[in-house]
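The values are calculated or read from the model by the stated rules, or taken from the named source; none is laboratory data. In this text the structure is predicted, and so the values were computed from the model without any measurement. A quick note on method: Cβ atoms are made from the backbone with ideal geometry, for glycine too, and the neighbour counts reach across all protein chains shown. Please note that ligands, DNA and RNA were not included when accessible areas were found on the heavy atoms of the full protein model with its side chains. Shrake-Rupley method; radii C 1.70, N 1.55, O 1.52, S 1.80 Å.
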Amino acid sequence: MKIAVIGAGISGLTAGRELANAGHEVVVFEKSGGYGGRLATRYAGKDNAQKLDHGVSFFTAESSEFKKLVTELAAKDIITTWEGSYATRNANGKVTFRENNSPYYYAPKGMNTVGKYLGRNLDIRLNEKVGGLTHIGENRRKKKSWMLNFPTALTESADAVIISAPARQAYALLNTTIDEIETLKLVREIDEVEYESQFTLMAGFEEADMPEWNALDCEDDVIEFISNETTKRNEGEVKTLVVHTTSEFAKKHLHSDREVVEELITDRLTEILGGWAALADWKQVHFWRYSRAVNPLPHDFMEIRGNDTPLALVGAYMNGNTVESAYLSGLKLGKHWVQQFAD
């Protein structure tokens, strides 16, 4: 079978990997220039020499299935444990250090290397945005079940489709098929999923007295989390931070000028860390519209059953809002379809 995966996040890459390993033809379409979803790495600073994980800073592993992947990635030197200290700053400004219940994992060469590894044997087409879907129908002869439509007026056919995208984007794609097949139940359910948004501020300092902790959780109106990226990798003399805002701040400043957002985050960062934090040699701001699902759906995946309408939804919003939930969603759908479409 030819299976089209829309979105090169962890869930889509994982499902695609399972199906490709079983002998299916898998093509992944990703609207951006990279893959891995929020396991993202930004190259910044002079000559883009610094790597900063501006999406997910680290992840943990609880299930046996995900721990198996973690072991595989560690054996390939793709991830390792983020050794060091972690702290929390309360609303009164008091900083206390804490112990972690589970190891924190990160990728020394950048979190995007996890996605690159999962997709290494797949046909991945970057900068290809799927605008809609057309169901060809059961009365077809030589044509495949699905037609993917692109804004360029080009099309691509497939026997089955996996949508690995945030629920809001999946909703938009499903709405293009609603008059053709029974997608109404899926549309109604994913329409209930709500997301938190976030801004991230990336900053580099040639001279700075960096904090001792790897990461700082903040009880604050503006800043939720600060990652000391310098503790992950030592690339020259430049020291780097990634600052994640609260969803309330992001919602309030959704339409604000990005320079204003950058200034507000920097001002609050300076109050938390000290005057040196205002003296960054370079800064960048990124907006994550779909940072975390507030109310994940209680499913591993969702699908339309039937030989002539194979379509499924996977993602981090299935049974959680983490890297692990995204992986498990893709893994379970992939294994399910391998069995269902076995020759």
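For segment 37-65, name all the residues that are touching a helix residue (DSSP H, G or I) at 6+ places or on another chain (Cβ under 9 Å) and at pLDDT below 90. Across segment 37-65, the qualifying residue is only GLN50.
Name the one entry in LYS332, LYS239 that is of a type in the set (D, E, K, R), out of contact with any Cys (no Cβ under 9 Å at 6 or more places or on another chain) and modelled with pLDDT of 95 or more.
Testing whether each residue is of a type in the set (D, E, K, R), out of contact with any Cys (no Cβ under 9 Å at 6 or more places or on another chain) and modelled with pLDDT of 95 or more leaves just LYS332.
Those strands (runs of 3 or more DSSP E) of segment 254-343 in which at least 1 residues are open to solvent by less than 10 Å² (accessible area, probe 1.4 Å) and among the small types (Gly, Ala, Ser), considering only elements entirely within it, cover 282-293, 311-314. Is it the case that segment 205-223 has a residue that's within 19 Å of ARG38 (Cα to Cα), at pLDDT 95 or above and not in a strand (DSSP E or B)? Within segment 205-223, not a single residue is within 19 Å of ARG38 (Cα to Cα), at pLDDT 95 or above and not in a strand (DSSP E or B).
Among the residues of segment 175-214, the ones that are closer than 30 Å to LEU254 by Cα, touching a residue at least 40 places away in the same chain (Cβ under 8 Å) and acidic (Asp, Glu) come to 4 in all.
Looking at ARG89, ARG125, just one residue is among the charged types (D, E, K, R) and under 20 Å from the mean Cα position of the chain (by Cα), and that residue is ARG125. Scanning segment 184-209 for residues that are of a type in the set (A, V, I, L, M) and more than 23 Å from VAL261 (Cα to Cα), we see that the one that is most open to solvent (accessible area, probe 1.4 Å) is LEU184.
If you filter segment 157-180 down to residues that are out of contact with any Leu (no Cβ under 8 Å at 6 or more places or on another chain) and in a loop (DSSP other than H, G, I, E, B), you find that the one that is farthest from HIS24 (Cα to Cα) is ASP179. Summed over segment 203-231, residues that are out of contact with any Asp or Glu (no Cβ under 8 Å at 6 or more places or on another chain) and among the small types (Gly, Ala, Ser) total 3.
Checking ASP159, ASP123 one by one, the residue that is within 13 Å of LEU311 (Cβ to Cβ) and either in contact (Cβ under 8 Å) with a residue 24 or more places away in the chain or not charged (D, E, K, R) (or both) is ASP159 and no other.
The set of residues in segment 226-253 that are in a loop (DSSP other than H, G, I, E, B), surrounded by fewer than 23 Cβ atoms within 10 Å (Cβ to Cβ) and not hydrophobic (A, V, I, L, M, F, W, C) comprises ARG233, ASN234, GLU235, GLY236, GLU237, THR246, HIS253.
When segment 282-297 is filtered for residues that are closer than 18 Å to ALA165 by Cβ and of a type in the set (Val, Ile, Thr), only VAL294 remains. Counting only strands (runs of 3 or more DSSP E) that fall entirely inside segment 1-92 and contain at least 1 residues that are under 25 Å from VAL222 (Cα atoms) and open to solvent by less than 50 Å² (accessible area, probe 1.4 Å), the qualifying elements are 42-44, 50-52, 86-89. Restricting attention to segment 168-179, does a residue exist that is loosely packed, with under 15 Cβ neighbours inside 10 Å and basic (Lys, Arg)? No: segment 168-179 contains no residue that is loosely packed, with under 15 Cβ neighbours inside 10 Å and basic (Lys, Arg). Of the residues making up segment 166-205, those that are farther than 30 Å from GLN50 by Cα and over 22 Å from the mean Cα position of the chain (by Cα) are ASN175, THR176, THR177, ILE178, ASP179, GLU180, ILE181, GLU182, THR183, LEU184, LYS185, ARG188.
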